[in-house]
Amino acid sequence: MADNFLLRPVQGIKMVGPRRAVTLQKLGIFTIKDLLYHFPRRYEDRTRLRPAGACAHGESVTVRGTVLTAQDLKPKRGLTVTKLAVHDGVGIFYAVWFNQPFIKKNLPRGTSVFITGKVEKGFGATQVIVEEYEVDDGQDSLSAGRLVPVYPLSAQLNQRLLRLMVKTALDGIGSSGEFLPGEIIRKFALPGFAEAVSDIHFPVGLSGAESARRRFVFEELFLFQLALAVRRRHIAGRRKSHRYLPEGKLLKLFKKNLPYQLTAGQLKVWEEISGDLEAPAPMNRLLQGDVGAGKTVISALALLRAVESGLQGALMAPTEILAEQHYLGMKDALESIGVQIGLLTGGTKKKDRDELLRRVREGELQVLIGTHALIQEDVDFQKLGLAVVDEQHRFGVRQRATLEHKGHYPDTLVMTATPIPRTLALTLYGDLDISVIGELPPGRRPVKTFAVLPSALPKAFNLIREQAALGRQAYIVCPLVEESEKIDLQAAVDLAENLARTELKELRVGLLHGRMKAEEKDEIMASFRRGEIKVLVSTTVIEVGVDVPNATVMLILDADRFGLAQLHQLRGRVGRGSHQSYCILLASPKTEEGRARLKAMTTTTDGFALAEEDLRLRGPGEFCGTRQSGLPEFKAADLLRDWRVLETAREEALNWVKQDPLLKKAESQALLSEMKERFGAAGNFIGVG
Ligand code: ADP
Ligand code: MG
């Protein structure tokens with residue numbers, strides 16, 4: 001059968017023997033289909049080859065010519081310049097290589113060759129600094145007189161060989177290989193599989209290559225969105241074994257005791273969450289809200305709702321400091337209304353841990369807050385109804401799933417302050433419903449942000465002293481490349497000691513970093529929270545979640561060493577109360593990008609705007625470590641460029657699943673197997689089929 005041809009090992013092509021197969025494997029090519037999906041990184045226009053002499057200085061060109069003479073020059077130690085005189089039919093130019101003396105052997109006199117590189121002109125001679133070359137045997141129509149594909153390669157392969165392999169593969173597929181339904185192909189005016197795969201490798205014109213690319217981008221994003229849609233359906237089809245009772249006395253009391261009114265945004269998301277809890281299928285929701293928007297209280301409401309219904313709730317946070325903060329923040333309010341709450345972190349003592357786990361197992365403890373420690377094997381809940389994951393981008397998809405497995409389809413609420421651009425949210429969390437708290441609580445003033453040179457440090461200390469005199473507090477953050485780097489850590493230690501002796505000697509200065517013992521950290525944070533420590537010198541351990549509304553100054557040293565998302569999170573530690581707050585970014589940025597980031601920070605406090613800017617500056621792959629978040633690597637699609645296609649693909653995928661929820665229709669079969677082929681092995685995170 002024709003389809004089998006595509007899935008055959010690449011050795012099925014006659015010029016591929018065992019050795020070449022191994023080489024191809026290094027490029028991720030195992031099957032003939034993989035070979036065909038190894039797309040060119042660009043095309044070279046060899047339809048109109050020009051003589052080198054006709055090109056301008058600095059131009060990039062491909063020239064065909066015949067090698068005349070070769071010469072090695074050694075202008076200085078360690079440098080060999082190889083120059084070949086090449087006749088291109090009109091005149092002579094010199095092709096130039098650096099430190100590749102073997103070139104002479106590869107290209108003996110009389111060889112016909114394609115040379116690609118940059119033209120240099122001076123003193124009448126034309127030189128081409130060679131980037132790539134290819135021997136032209138005059139027979140190979142794949143490499144001349146057309147748009148020629150240029151592939152990503154590894155050492156033991158060359159362009160011509162790869163072109164030949166691809167061409168042979170193309171000759172074998174006939175009209176097979178299509179898996180997109182005709183309906184979709186027509187709707188989006190896409191080329192069919194055979195046409196597209198031929199055009200992406202050997203296009204007749206650039207427009208053919210472009211429409212082929214459009215198809216591959218679409219199919220990739222469509223299949224991905226389809227997989228997410230199927231997973232969504234799958235989850236929605238589950239039935240949880242627990243039920244929630246209507247809101248009762250506990251919630252009423254808790255709300256009454258709150259020192260503030262919930263904002264309209266908070267009320268709206270609470271309604272959405274309540275709706276999910278009451279539904280027969282488990283909740284699978286992302287709660288998004290900028291730093292300081294007030295997500296914690298929403299999670300408390302949900303946890304209480306579970307407790308009221310005779311269920312247990314868990315809240316997982318990425319750092320001990322944050323877990324502790326949540327615990328302390330909820331403890332009094334919950335215990336005062338009779339709810340049993342506990343804290344479990346890596347630092348919890350064995351004896352306490354055993355007792356805690358027993359109470360969790362027997363259902364006595366109703367709310368358990370903690371770090372990764374929550375998902376360890378011996379943590380057994382009697383009846384876990386709700387799992388909340390705070391700052392969820394800090395966790396992998398697998399950790400989220402592990403917590404879910406502690407119950408029988410518990411409701412899951414994941415929260416993030418990372419303002420994920422819509423584009424990425426759709427991609428990363430296409431299997432989740434999304435709720436957004438769109439505003440901050442009333443009375444907040446935008447944090448005044450200044451980017452200043454290191455010489456302005458004394459002024460920053462003045463500000464800290466002034467604010468301290470008003471009763472406020474400050475953070476000073478030192479960058480650490482890695483928490484584990486001793487030298488960097490020492491810098492923070494020294495700074496704290498130094499400040500306590502000199503500039504800030506009249507203030508109490510504390511130090512916090514990730515390598516301290518849990519108890520030490522707790523003590524320092526508690527003292528800062530009580531307002532005893534006025535200035536907290538810290539590493540980025542305070543980056544997420546920490547909430548001390550009395551702190552009004554955030555001074556960040558070497559601010560250009562942080563990413564935008566991180567700077568925004570750090571700034572979010574201040575401006576949490578009604579006092580005017582300040583963020584001082586101290587840096588002398590060395591790169592254009594560094595400058596752009598600081599500029600963005602001083603022009604907006606809107607997390608979403610910053611996220612879009614970050615995406616623009618760094619590209620989606622870099623954005624807040626999405627790589628760890630289970631985002632697959634796309635072959636054809638580029639989320640930055642193709643986000644419109646992503647949205648279309650998503651709509652279409654949802655549409656398709658609506659018509660054919662179980663992918664049972666005849667047209668869905670090819671889609672289903674293609675989807676499994678692409679995402680099945682790569683990780684069950686999609687969990688299809
Ligand atoms: P985040 O969304 O970043 O997790 P938090 O839940 O830590 O934010 O809340 C930030 C601060 O705002 C906390 O001090 C919290 O008590 C306060 N807060 C939350 N909701 C409101 C509200 N509706 N009105 C006033 N303050 C609020
Ligand atoms: Mg938070």
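The values are calculated or read from the model by the stated rules, or taken from the named source; none is laboratory data. Being a predicted model, the structure only gives us computed values, none of them experimental. Here Cβ is always computed from backbone atoms with ideal geometry, including for glycine, and neighbour counts include all displayed protein chains. Note: accessible area is taken over every heavy atom of the protein model, side chains too, but ligands, DNA and RNA are not part of it. Shrake-Rupley method; radii C 1.70, N 1.55, O 1.52, S 1.80 Å.
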- Message: Checking the condition β-branched (Val, Ile, Thr) and assigned to a helix (DSSP H, G or I), which residue from 537, 541 passes?
- Response: 541
- Query: Which condition number in (1) within 16 Å of ligand 2 (Cβ to nearest atom); (2) assigned to a helix (DSSP H, G or I) is the one that residue 251 fails?
  - Reply: (1)
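Per-residue answers, yes or no, for (1) farther than 20 Å from residue 605 by Cβ; (2) modelled with pLDDT of 95 or more; (3) in a loop (DSSP other than H, G, I, E, B); (4) more than 16 Å from ligand 2 (Cβ to nearest atom):
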{"position": "423", "(1), (2), (3), (4)": "yes, no, no, yes"}
{"position": "426", "(1), (2), (3), (4)": "yes, no, no, yes"}
{"position": "457", "(1), (2), (3), (4)": "yes, no, no, yes"}
{"position": "463", "(1), (2), (3), (4)": "no, yes, no, yes"}
{"position": "483", "(1), (2), (3), (4)": "yes, no, yes, yes"}
{"position": "504", "(1), (2), (3), (4)": "yes, no, yes, yes"}
- Message: I need a count of the residues in region 327-368 that are more than 21 Å from residue 407 (Cβ to Cβ) and within 16 Å of ligand 1 (Cβ to nearest atom).
- Response: 5
- Does residue 310 count as closer than 26 Å to residue 511 by Cβ, surrounded by fewer than 20 Cβ atoms within 10 Å (Cβ to Cβ), more than 16 Å from ligand 1 (Cβ to nearest atom) and touching a residue at least 60 places away in the same chain (Cβ under 8 Å)? no
- Checked region 506-527 for anything in a helix (DSSP H, G or I) and either free of Cβ contacts under 8 Å to residues at least 12 places away in the same chain or out of contact with any Lys or Arg (no Cβ under 9 Å at 6 or more places or on another chain) (or both); matches are 518, 519, 520, 521, 522, 523, 524, 525, 526
- Could you look through region 1-52, keep only residues that are of a type in the set (A, V, I, L, M, F, W, C) and closer than 30 Å to residue 92 by Cβ, and pick out the one that is farthest from the chain's Cα centre (by Cα)? 52
- Message: Quick check on this structure: which one of 534, 521 is open to solvent by 50 Å² or more (accessible area, probe 1.4 Å) and on the phi < 0 side of the Ramachandran plot?
- Response: 534
- Task: Sort out which residues of region 511-539 are closer than 21 Å to residue 490 by Cβ and basic (Lys, Arg), and write them in order of number.
- Result: 515, 517, 521
- Item | Search result, residues across region 540-556 that are within 16 Å of residue 492 (Cβ to Cβ) and surrounded by fewer than 21 Cβ atoms within 10 Å (Cβ to Cβ) | 540
- Residue in region 342-362 that is closer than 21 Å to residue 409 by Cβ and buried (at least 22 other Cβ atoms within 10 Å of the Cβ) present: yes
- Does at least one position in region 162-181 carry a residue that is under 37 Å from the mean Cα position of the chain (by Cα), assigned to a loop (DSSP other than H, G, I, E, B) and over 23 Å from residue 223 (Cα atoms)? no
- Note on the structure: Pairs returned, first residue in region 528-551 that is away from ligand 2 (no atom under 16 Å from the Cβ), second residue that is basic (Lys, Arg), beta-carbon separation under 7 angstrom, 6 or more apart or interchain, are 532/508; 533/508; 534/508; 550/472
- Item | Conditions (1) surrounded by fewer than 19 Cβ atoms within 10 Å (Cβ to Cβ); (2) within 21 Å of the chain's Cα centre (by Cα); (3) not small (Gly, Ala, Ser): number failed by residue 234 | (2)
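Applying the selection to region 261-298, what residues are out of contact with any helix residue (DSSP H, G or I) (no Cβ under 8 Å at 6 or more places or on another chain) and within 16 Å of ligand 2 (Cβ to nearest atom)? Full working, then the answer.
Let us first name the residues in region 261-298 that are out of contact with any helix residue (DSSP H, G or I) (no Cβ under 8 Å at 6 or more places or on another chain), namely 261, 263-265, 267-268, 271-272, 275-276, 278-280, 292, 295.
The answer is 263, 265, 292, 295.
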- Task: Report, ordered by the first and then the second residue, all pairs with beta carbons closer than 6 Å, sequence separation of six or more or different chains, a first member in region 331-343 that is free of Cβ contacts under 8 Å to residues at least 24 places away in the same chain, and a second member that is in a strand (DSSP E or B).
- Result: 331/341
- Query: Just checking, which of 303, 334, 315 is in contact with a strand residue (DSSP E or B) (Cβ under 6 Å, 6 or more places away or on another chain) and assigned to a strand (DSSP E or B)?
  - Reply: 315
- Set 250, 221, 190, 228: member being in contact with a Leu (Cβ under 6 Å, 6 or more places away or on another chain) and under 22 Å from residue 647 (Cα atoms): 221
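Residues being open to solvent by less than 20 Å² (accessible area, probe 1.4 Å) and either touching a Gly at 6+ places or on another chain (Cβ under 6 Å) or at pLDDT below 85 (or both): count how many of those fall in region 145-158.
Let us first name the residues in region 145-158 that are open to solvent by less than 20 Å² (accessible area, probe 1.4 Å), namely 147-151, 157.
When the remaining residues are screened for being either touching a Gly at 6+ places or on another chain (Cβ under 6 Å) or at pLDDT below 85 (or both), the result is 157.
Here the count works out to 1.
Take region 375-392 and flag every residue that is more than 15 Å from residue 360 (Cβ to Cβ) and either hydroxyl-bearing (Ser, Thr, Tyr) or more than 16 Å from ligand 2 (Cβ to nearest atom) (or both). It would help to see each step written out before you state the result.
Within region 375-392, the first condition is being more than 15 Å from residue 360 (Cβ to Cβ), and the residues that meet it are 388-392.
Of everything in region 375-392, nothing turns out to be more than 15 Å from residue 360 (Cβ to Cβ) and either hydroxyl-bearing (Ser, Thr, Tyr) or more than 16 Å from ligand 2 (Cβ to nearest atom) (or both).
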- What number of residues in region 273-307 are charged (D, E, K, R) and within 16 Å of ligand 1 (Cβ to nearest atom)? 3
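Please find, among 197, 217, the residue that is buried (at least 19 other Cβ atoms within 10 Å of the Cβ) and not assigned by TED's automatic domain parsing to the domain that holds residue 657.
Numbers: 217 fails: not assigned by TED's automatic domain parsing to the domain that holds residue 657.
Matching residue, one of 197, 217: 197.
Among the residues of region 1-37 satisfying the criterion of being among the basic types (Lys, Arg) and closer than 16 Å to residue 153 by Cα, which is most open to solvent (accessible area, probe 1.4 Å)? Even if it seems obvious, please write down each step before you answer.
Initial filter on region 1-37 (among the basic types (Lys, Arg)): 8, 14, 19-20, 26, 33.
From what's left, closer than 16 Å to residue 153 by Cα: 19-20, 26.
Details: 19: 207, 20: 94, 26: 144 Å².
Result: 19.
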- Item | Residues of region 564-592 satisfying the condition of being over 15 Å from residue 448 (Cβ atoms), open to solvent by 50 Å² or more (accessible area, probe 1.4 Å) and touching a Lys or Arg at 6+ places or on another chain (Cβ under 8 Å) | none
- Task: Tell me which of these residue 300 doesn't satisfy, since it passes every other one: (1) under 29 Å from the mean Cα position of the chain (by Cα); (2) closer than 23 Å to residue 439 by Cβ; (3) in contact (Cβ under 8 Å) with a residue 60 or more places away in the chain.
- Result: (3)
- Message: Just the residues that are open to solvent by less than 10 Å² (accessible area, probe 1.4 Å) and in a loop (DSSP other than H, G, I, E, B), please, taken from region 200-214.
- Response: 203
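I want to confirm something. Restricting to region 536-569 and keeping residues that are among the aliphatic types (A, V, I, L, M) and within 13 Å of residue 322 (Cβ to Cβ), which single residue is farthest from ligand 1 (Cβ to nearest atom)?
Kept after step one, since they are among the aliphatic types (A, V, I, L, M), are these residues of region 536-569: 536-537, 541-542, 544, 546, 548, 551, 553-557, 559, 564-565, 567.
Narrowing further to those that are within 13 Å of residue 322 (Cβ to Cβ): 541-542, 544, 546, 548.
Numbers: 541: 16, 542: 13, 544: 9, 546: 8, 548: 8 Å.
Checked region 536-569; the qualifying residue farthest from ligand 1 (Cβ to nearest atom) is 541.
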- Item | Yes/no for residue 186 being over 30 Å from residue 313 (Cβ atoms) and not assigned by TED's automatic domain parsing to the domain that holds residue 673 | yes
